[in-house]
């Protein structure tokens, strides 16, 4: 079975440019999460969706960040304009609602470098 | 709010040594507890979990027991291998409305030398 798919795997861009990260969750999963990982701050939850609806975006750092989930099989995280401090690894994860203690399945991540 | 504290790394061991990575948590109610592992260049993978007090999660020789009285979920392995070198994250999902949101510790880098 295919796991969570993220693209691109690596992105290098210049400050001020728009960046779009993409995620395809595992088929049938109804929760989708976006995380950011840096050495300084560790893993941070940015936003999560349930049945394509954003539930909690309190982790989104500022208005430059936006996330959408137009359907059950696709989500995007957009940064506009990008800044060097946005350099990080961005992970997407999905899970299936059910019994307590649902496992989240992570994608391989997108390593973003903003010059 | 919920929080997870795990021992600072890095941890360096020789092959076949005993491993303990400490993890304690703060949460209301009855959280579920997890250990995730991240191998170099990869995403996180679930290593083991426990969903209620006194449960023991185990996988690939790793074990952790959910201790509500000490709010702990320490990771142990009796004999580590070079292939266990990775970053290990302790995490929890809260009870009630925050059931699906993972709160992570900062991670512990483990290096196992041959």
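Data for the structure
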| item | result |
| --- | --- |
| Filtered residue count, region B:77-99, keeping only those that are under 15 Å from residue B:46 (Cα atoms) and within 12 Å of chain A (Cβ to nearest Cβ) | 6 |
| So residue B:92, is it modelled with pLDDT of 95 or more and touching a strand residue (DSSP E or B) at 6+ places or on another chain (Cβ under 8 Å) | no |
| Every residue from region A:77-95 that is surrounded by 15 or more Cβ atoms within 10 Å (Cβ to Cβ) and within 29 Å of residue B:92 (Cβ to Cβ) | A:77, A:79, A:86, A:87, A:88, A:89, A:90, A:91, A:92, A:93, A:94, A:95 |
| Odd one out for residue B:69 among (1) surrounded by 14 or more Cβ atoms within 10 Å (Cβ to Cβ); (2) out of contact with any strand residue (DSSP E or B) (no Cβ under 6 Å at 6 or more places or on another chain) | (1) |
| Extreme residue, nearest to the other protein chains (Cβ to nearest Cβ), among residues of region A:96-115 that are surrounded by 20 or more Cβ atoms within 10 Å (Cβ to Cβ) and within 20 Å of residue A:14 (Cβ to Cβ) | A:110 |
| Complete set of residues in region A:21-55 that are touching a strand residue (DSSP E or B) at 6+ places or on another chain (Cβ under 6 Å), surrounded by fewer than 19 Cβ atoms within 10 Å (Cβ to Cβ) and within 9 Å of chain B (Cβ to nearest Cβ) | A:44, A:50, A:55 |
| Residues located in region B:34-76, provided they are within 30 Å of residue A:6 (Cβ to Cβ), within 14 Å of chain A (Cβ to nearest Cβ), without any contact (Cβ under 8 Å) to a residue 40 or more places away in the chain and not in a strand (DSSP E or B) | B:41, B:42, B:43, B:51 |
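The values are calculated or read from the model by the stated rules, or taken from the named source; none is laboratory data. Predicted model, so just to flag it, every value in this text is computed and none were measured. As a convention, Cβ positions derive from the backbone with ideal geometry for all residues, glycine included, and neighbour counts pool all protein chains shown.
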